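Structure, as structure tokens:
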Amino acid sequence: MTQAFVSSRVVTPEGVRPAAVIVEQGRIQAVRSPGDPPRNATVHNFGDLVILPGLVDSHVHVNEPGRTEWEGFATATRAAAAGGYTTLVDMPLNCLPETTTVAALEAKRHAATGQCLVDWAPWGGLTGQNEKHLEPLAAAGVAGFKCFLVDPGIDGLAMIGKQELEDALPTVARIGLPLLVHAELAEHLYQCGDADDWRQYATYLRSRPDESELAAIRMLIGLCRKYRFPLHIVHLSTGLALDDLARARSEGLPITVETCPHYLHLVAEEIPAGATLFKCAPPIRSRDNREALWQGLRDGVIDLIATDHSPCPPSMKRIEEGNFRTAWGGIASLSVAISVIWTEMRKRVLPIENLARWMSAQPAKLAGLEGRKGAIAAGCDADLVVFDPDAEFTLSTEDLHYRHLVSPYLGERLHGRVQTTFLGGTAVFEQRSFPNPPIGRELRR
Ligand SMILES: [Zn+2]
């Protein structure tokens, strides 16, 4: 069957234009002028609604197997489909076992089979102890590796020290897959005392200062210069590191950078006392810092926006107690990221092509999925999102779709709404429901 997806605003790598996206057997066969669909094609005409490439989220904690009560493939990919994502790249924690061996990767594949509404790919984990597993993990199909310079709060993926990291970097460089690093240095975190008021967000913010990220990033830039491995900074939160990153990139170092919707939308000044749903690491910082991150995106120093979708059971957020020290950190946003980002982009009069670049093309490239995901172009999977950029709505629990319906964004007035999400030409989200059984598959590079 040939299908034609038609709109006056199709977001292609060359810009936004009227077009018919011709799809055969789940792939984009051509992008033509809209008056010219093949005679035998089934035509879906979306008028003036925007057609975006399916979004790619390169930073998701699915948590299955092992912590499926936190989140799982069925619920995470449902939220993804509702949020316009057609590909998720899964972090090697907080699942059990952590994805640090091929056996653990196989357990994850087994768990995912038959459950996914969208496609997915795995990251592997790098600890100080699993260097000999890196080559086998790469051969088995992980998209790259993730490590932590601070304690992630999970035993099975312990933080790595500088020396252990240096020991592993020749192997990482030889394999050539990206190394994703949580860049905060433990020695710069403050252990605020018991006398501090941990209901205040300012106390938590003080415990994880900008300097911790800045020192980590400076160390990593030095290591990248020495070992020339593809370095990716996950969830950049401080704008203070942008100058260093810009200089390193102009030097030609292979560095990419991501930030997240919460850093681009929320500000520390407005987080109420006890509101632990806003806790994440690194922390949400000041309003001025938020503007610096937007400038980093405009300047191209920040390549992409990923959600760091990281849910947990509501009890672990200690919502009633409101203690920022003991609450679990992490914000779930797969289903709302597109609207949160588009709301902020509208305020700054940024064109929708940038959304496709930051949330689809660049994350696809990071995960080695270029040419298959991340663009409306001949040869790519027919992953398409029909998006109404002018829709305005108040976010409610019905919009979330992931396992635990809590969010710091609830009640916000947002712009831009996903109407339909197609994976390989098949609708996986349509009119606020999920019309088809799970057809998502693992992508191997
Ligand atoms: Zn994360």
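Ratio of Rg to Rh for the stretch 96-174: 0.99 [Cα atoms; Kirkwood radius as inverse mean 1/r over pairs].
Estimated from helices alone, the mean residue ellipticity of the chain at 222 nm is -7500 deg cm²/dmol (sum of -39500 (n - 2.57) over DSSP H runs with n ≥ 4, per residue). Among the lysines of the chain, pairs that are 8 or more positions apart or on different chains and have alpha carbons within less than 28 Å of each other number 24. For the stretch 1-117, the solvent-accessible area works out to 35 Å² per residue, with a probe of 1.4 Å and every protein chain left in place.
Based on DSSP, what percent of beta bridges with both residues in the chain are antiparallel, to the nearest 5? Let's see the in-between values first.
Numbers: 32 of 64 bridges.
Expressed as a percentage, antiparallel bridges in the chain total about 50.
Each Cα pair under 8 Å and six or more residues apart adds its separation to the average, and for the stretch 131-182 the resulting relative contact order is 49 percent.
Accessible surface area normalised per residue over the stretch 188-242 is 42 Å², counting heavy atoms of protein chains with a 1.4 Å rolling probe. Treating each Cα of the chain as one equal point scatterer and applying the Debye formula with no solvent, the log10 of I(q)/I(0) at q = 0.06, 0.07, 0.11 Å⁻¹ comes out as -0.23, -0.32, -0.81. Against the chain, whose longest principal axis is taken from its Cα atoms, helix 162-175 shows a tilt of about 30°. When +1 charges are put on Lys and Arg Cβ atoms and -1 charges on Asp and Glu Cβ atoms, the dipole computed for the stretch 349-445 relative to its Cα centre reaches about 480 debye. For the stretch 253-375, the equivalent ellipsoid derived from the Cα gyration tensor has semi-axes of 28, 17, 13 Å, listed largest first.
Across all C-alpha atoms in the stretch 332-445, the radius of gyration and Dmax reach 14.8, 40 Å.
Close amide H contacts of ARG27 (hydrogens built in the peptide plane, cut-off under 5 Å, sequence separation of 5 or more or a different chain): ALA382.
Within the stretch 1-154, all pairs of alpha-carbon atoms sorted by distance into 10 Å bins from zero give the percentages 11, 31, 25, 19, 13, 2. How many percent of Cα pairs in the stretch 125-222 exceed 24 Å? I get 31 percent for the Cα pairs in the stretch 125-222 exceeding 24 Å.
If I build a Gaussian network model for the chain, linking alpha-carbon pairs within less than 10 angstrom, which residue out of PRO435, PRO282, PRO65 has the largest mean-square fluctuation? Among PRO435, PRO282, PRO65, the largest GNM mean-square fluctuation belongs to PRO435. Computed on the stretch 1-77, the Cα convex hull volume stands at 126 Å³ per residue.
Taking every alpha carbon pair in the stretch 339-405, what does the distance histogram look like in 10 angstrom bins from 0, in percent? Whole-percent P(r) values from 0 Å outward: 17, 38, 35, 9.
Every Cα-Cα pair of the stretch 29-110 was included, and the share exceeding 23 Å stands at 43 percent. Here the Debye sum runs over all C-alpha atoms of the stretch 271-329 as equal scatterers in vacuum, and log10 of I(q)/I(0) at q = 0.22, 0.29 Å⁻¹ comes out as -0.90, -1.18. Show me the GluC sites (Glu not before Pro) within the stretch 39-131 that DSSP assigns to loop and that have at most 14 other Cβ atoms within 10 Å of their Cβ. Within the stretch 39-131, the qualifying GluC sites (Glu not before Pro) (loop, at most 14 other Cβ atoms within 10 Å) are GLU69. Per-atom-type breakdown for the chain gives carbon and sulfur 49% of the accessible area (1.4 Å probe, protein chains only).
Any chance you could tell me what percent of the C-alpha pair distances in the stretch 35-77 go past 11 Å? Tail of P(r) above 11 Å: 77 percent of Cα pairs.
The values are calculated or read from the model by the stated rules, or taken from the named source; none is laboratory data. Just so you know, these numbers come straight off a predicted model, no measurement behind them. Positions of Cβ are backbone-derived with ideal geometry, glycine not excepted, and every protein chain shown enters the neighbour counts. Just the protein is used for accessible areas: all its heavy atoms, side chains included, with ligands, DNA and RNA removed. Shrake-Rupley method; radii C 1.70, N 1.55, O 1.52, S 1.80 Å.
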